[in-house]
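J.: The structure under discussion is supplied below as structure tokens; questions concerning it will follow.
The values are calculated or read from the model by the stated rules, or taken from the named source; none is laboratory data. Fair warning: this is a prediction, and the values are worked out from it, not measured in the lab. Counting neighbours? That spans all protein chains shown, and the Cβs are built from the backbone with ideal geometry, glycine included. To get the accessible areas, we keep the full protein, side chains included, count just its heavy atoms, and leave off ligands, DNA and RNA. Shrake-Rupley method; radii C 1.70, N 1.55, O 1.52, S 1.80 Å.
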Amino acid sequence: MLTMNLPSSNGHDAMHPELNPWFAKLRSKSGPCCDGSDALHLRDVEWTTQNKKESHYSVMVPKTADLYRSASNGQDMKKGDTEWVDVPDDALVTEPNLDHSTLVWVWYSSGFQMTDQPHIRCFMPGALT
């Protein structure tokens with residue numbers, strides 16, 4: 001059984017509210033990452049490096065928006081609930097990681113239409129990687 005470490009409503013350790021402004025200004029070449037409240041905190045086994053054209057990382061995320069919402073509400077992800085998704089190089093956040101954990105921001109839409117295909121908006125490797 002896979003358990004994803006999903007964020008609290010603050011998106012990070014509530015004992016560190018000083019990180020709120022930092023989360024709010026995070027950006028990749030794809031655009032703003034948001035405030036951190038929708039970021040997944042990944043364990044080392046949930047992301048990997050790779051050497052593909054335009055994608056140097058891959059992450060394990062819930063397959064659908066419904067599964068993401070379930071996981072956000074504390075339900076464990078089971079085998080088959082997640083999939084590996086390539087992280088576009090444009091989604092990489094390059095500034096120092098003050099949270100120290102690996103973070104990924106996922107969205108499940110294409111334009112204004114909701115889809116069941118995860119897209120990576122932002123990705124930030126942990127500070128020790």
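J.: Hey, does the range 106-114 have a residue that's hydrophobic (A, V, I, L, M, F, W, C), in contact with a His (Cβ under 6 Å, 6 or more places away or on another chain), surrounded by fewer than 19 Cβ atoms within 10 Å (Cβ to Cβ) and not in a strand (DSSP E or B)?
T.: no
J.: Can you pull out the residues in the range 33-50 that are at pLDDT 90 or above and surrounded by fewer than 14 Cβ atoms within 10 Å (Cβ to Cβ)?
T.: Of everything in the range 33-50, those that are at pLDDT 90 or above and surrounded by fewer than 14 Cβ atoms within 10 Å (Cβ to Cβ) turn out to be Thr48, Thr49, Gln50.
J.: Out of the residues in the range 3-32 that are surrounded by fewer than 18 Cβ atoms within 10 Å (Cβ to Cβ) and assigned to a strand (DSSP E or B), which is modelled with the lowest pLDDT?
T.: Top of the filtered list is Asn5.
J.: Mind telling me which of the residues Leu98, Leu92, Leu103 ends up being open to solvent by 60 Å² or more (accessible area, probe 1.4 Å), at pLDDT 85 or above and either within 17 Å of His41 (Cα to Cα) or of a type in the set (A, V, I, L, M) (or both)?
T.: Leu98 is the lone residue from the list that is open to solvent by 60 Å² or more (accessible area, probe 1.4 Å), at pLDDT 85 or above and either within 17 Å of His41 (Cα to Cα) or of a type in the set (A, V, I, L, M) (or both).
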